[in-house]
1. Could you please find all residues in region 80-108 being over 15 Å from the mean Cα position of the chain (by Cα), surrounded by 14 or more Cβ atoms within 10 Å (Cβ to Cβ) and either under 30 Å from residue 60 (Cα atoms) or modelled with pLDDT of 95 or more (or both)?
2. Pull up region 20-63, narrow it to residues that are free of Cβ contacts under 8 Å to residues at least 24 places away in the same chain and part of a loop (DSSP other than H, G, I, E, B), then point me to the one that is nearest to residue 102 (Cα to Cα).
3. Residues that are under 23 Å from residue 30 (Cα atoms) and modelled with pLDDT under 95: does region 111-125 have at least one?
4. If you take the residues in region 80-103 that are assigned to a helix (DSSP H, G or I) and in contact (Cβ under 8 Å) with a residue 60 or more places away in the chain, which one is nearest to residue 17 (Cα to Cα)?
5. For residue 130, work out the one condition from (1) within 19 Å of the chain's Cα centre (by Cα); (2) under 24 Å from residue 9 (Cβ atoms) it doesn't fulfil.
């Protein structure tokens, strides 16, 4: 069976404002399912990733009452990458850099991240993201770079 390449079908959904199908691509991935991440494109310019149910594997770091930094880093990588989704018509894309600054520990409760593009220079897209805890307090910020239109 000839399956349409992921980027091609994703670009089709983006070009036709079919954001529920874009969400479905990511929410049905093994990565998102395993970590319990829900991707939301209700505002495509500001993708959102959230974890609403905290499992024991989410915890670590400073005791067991806080979200593990590896989970936080993975989510920042995802949300930074998702900010570049509108560039899928240019071809494949990949997150090439993420810098994270922790502001305060993230308690073991639901939390979410939002991201946005800050600028595009050639084939590089620069983005920023913020992690908010269940009290809507910013707990971490990140900036990153995505390469778009790569082979």
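1. Within region 80-108, 102, 105, 106, 107, 108 meet the criteria.
2. By that ranking, first place goes to 60.
3. no
4. In the first step, residues of region 80-103 are kept if they are assigned to a helix (DSSP H, G or I); the result is 80-83, 85-90.
Then drop every residue that is not in contact (Cβ under 8 Å) with a residue 60 or more places away in the chain, which leaves 80-81, 83, 85-89.
Numbers: 80: 20, 81: 18, 83: 15, 85: 12, 86: 10, 87: 13, 88: 13, 89: 13 Å.
Among those residues, the one meeting the criterion is 86.
5. (2)
The values are calculated or read from the model by the stated rules, or taken from the named source; none is laboratory data. Keep in mind that what you see is a predicted model, and the values were worked out from it rather than measured. Backbone-built Cβ (ideal geometry, glycine too); neighbour counts: all protein chains shown.
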